[in-house]
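The values are calculated or read from the model by the stated rules, or taken from the named source; none is laboratory data. Keep in mind that this is a model prediction, so the values were computed, not measured. Backbone-built Cβ (ideal geometry, glycine too); neighbour counts: all protein chains shown.
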Amino acid sequence: VSGDLLIKNAEVEGRAGLDLRIRAGRIVEIGVRLSGAEPVHDAAGGAVLPGLVDHHIHLMATAARYATVDLSEADDLEALVAALRNQSGVGWLRGAGCPIADALDRDILDRVEPRRPLRIQDRTGALWVLNSAALTLVEGPDHPGERDATGRLTGRFWRADGWLGERIGRAVPPLDRLARELAGYGLTALTDATVGNDAQTAVLLAEAVPQKLTIMSGGPLSHTPRYAVGPVKIVPDERDPPSLEDFTALIAGARVQKRAVAVHCVSDVEAALTLAAFAMTGARPGDRIEHGGLLDQAMIGEIARLGLTVVTQPAFIHARGDRYRREVPPDRWDDLYRCGSLRRAGVRLAAGSDAPYGPADPWLGIRTARDRLTAGGAILGADERIAARQALDLYLSPPDDPGGPPKRVAVGMAADLCLLDRSQAQQLADPRAESVVGTVIDGALV
Ligand SMILES: [Zn+2]
């Protein structure tokens, strides 16, 4: 019967030598020397953890990265040219993660690639830069492209994914391959935080991905059994911030839909605006600050008082930390993706990857939350370190209650599990994705 499984010889919550009986996708018995007609999986002494939850990911964009040139190391024009050189094929050439995108325009890209249509995305996903060959392919009404003083298109598009997507055409990226990669990390639930999500995208994702999905969206989203409707996503554009009145209207609109809100918040301006808006409207359970990428010490008390959840991305300290050390003044390093100070203040805290803008591997996030080590080996914000067990718990709260009590392996829980080749204590001492040897969703090994 699907969803039936007998896991033998596992470590559960630190106790070795246990068996778990799973019926119809639920754990119905945990004991010693269980037997039965179910298919058997030998855990060989390894730990069985609750399946991990990525509370903030962008699935379509992450899957699209498989067909995209990684430009995250292209720190100057020379490196950019080198990364795009020898890309075979015809038609669109796409690069992403580019740290110097803000300094690019169509004329510079025309020198990099004069023939093929080229589009390059910045590190944050807010900006696309197109060369002239690409610009001729994306004509149309309500053109959101940036223009110079003479009215000529610069090739730069800010937060124009929807408009560009309609013109370029949205090929469905290899979601099945991404789902396998994420299962390989022990992830059994995912919250897609893309503001442009609609019902069509949500169904497409739910059909392609075995993990339990929660879908955020900027607009209304109908309820179906295939996915859970998450908070309304609000992205205040820092270059053109909404008025407080517009912001509170967005929150009120979410309340009409009986949904919480999740606010993208990575700068001082965004944080101040977000807290001012919540101070006016009040917060309800489930309201979230996404990222909390730069939170002044003085804001922590207000976040706790409002009861907001912060969904952070510890792995950004690994992936971007060396850049932060060059670009952010040292007296603000503690403000970057805070963990320890928020916990100590009683703020509800959960974690996600923000893939493709951050590394998808939750174990790298757990390791980095514990060590606050950059990829280059420097410590960034030592006071923000938390214990590995606490870091794991950032990924174990349920998708509909991020920052709430972490899931534990127990009778009655859904059989969404992460199987390790070692004990939990060994994994917490050296958190790494390679230790994950199996992932169970609703009792089925995936
Ligand atoms: Zn995001």
message: So the check is Cβ under 8 Å with 6+ separation or different chains; which pairs have a first residue in the stretch 330-343 that's within 14 Å of L373 (Cα to Cα) and a second one that's among the aromatic types (F, W, Y) and in a helix (DSSP H, G or I)?
response: W333/Y324; L336/F316; L336/Y324; Y337/F316
message: So the check is Cβ under 7 Å with 6+ separation or different chains; which pairs have a first residue in the stretch 395-408 that's over 18 Å from D354 (Cα atoms) and a second one that's at pLDDT below 95?
response: R408/E13
query: Counting just the residues of the stretch 237-246 that are acidic (D, E) and either in contact (Cβ under 8 Å) with a residue 24 or more places away in the chain or part of a helix (DSSP H, G or I) (or both), which one comes out farthest from the ligand (Cβ to nearest atom)?
result: E245
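Listed here are the residues, each with its yes/no results for (1) within 14 Å of the ligand (Cβ to nearest atom); (2) modelled with pLDDT of 95 or more; (3) not hydroxyl-bearing (S, T, Y).
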residue: L336; (1), (2), (3): no, yes, yes
residue: R344; (1), (2), (3): no, yes, yes
residue: L349; (1), (2), (3): no, yes, yes
residue: D354; (1), (2), (3): yes, yes, yes
residue: R367; (1), (2), (3): no, yes, yes
residue: D371; (1), (2), (3): no, yes, yes
residue: T374; (1), (2), (3): no, yes, no
residue: A378; (1), (2), (3): no, yes, yes
message: Please determine whether any residue of the stretch 400-418 is buried (at least 19 other Cβ atoms within 10 Å of the Cβ) and basic (K, R).
response: yes
- request: Out of the residues in the stretch 162-186 that are within 16 Å of the ligand (Cβ to nearest atom) and buried (at least 19 other Cβ atoms within 10 Å of the Cβ), state the one that is farthest from V138 (Cα to Cα).
  value: L182
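Quickly run through the stretch 48-63 and pick out the residues that are away from the ligand (no atom under 14 Å from the Cβ) and either surrounded by fewer than 23 Cβ atoms within 10 Å (Cβ to Cβ) or more than 12 Å from Q211 (Cα to Cα) (or both). Steps first, answer last, please.
Going through the stretch 48-63, the residues away from the ligand (no atom under 14 Å from the Cβ) turn out to be 48-53, 63.
If the condition is that a residue be away from the ligand (no atom under 14 Å from the Cβ) and either surrounded by fewer than 23 Cβ atoms within 10 Å (Cβ to Cβ) or more than 12 Å from Q211 (Cα to Cα) (or both), then V48, L49, P50, A63 are the ones that fit.
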- prompt: Of everything in the stretch 364-383 that's in contact with a Gly (Cβ under 8 Å, 6 or more places away or on another chain) and of a type in the set (A, V, I, L, M, F, W, C), which residue is surrounded by the most Cβ atoms within 10 Å (Cβ to Cβ)?
  reply: L380
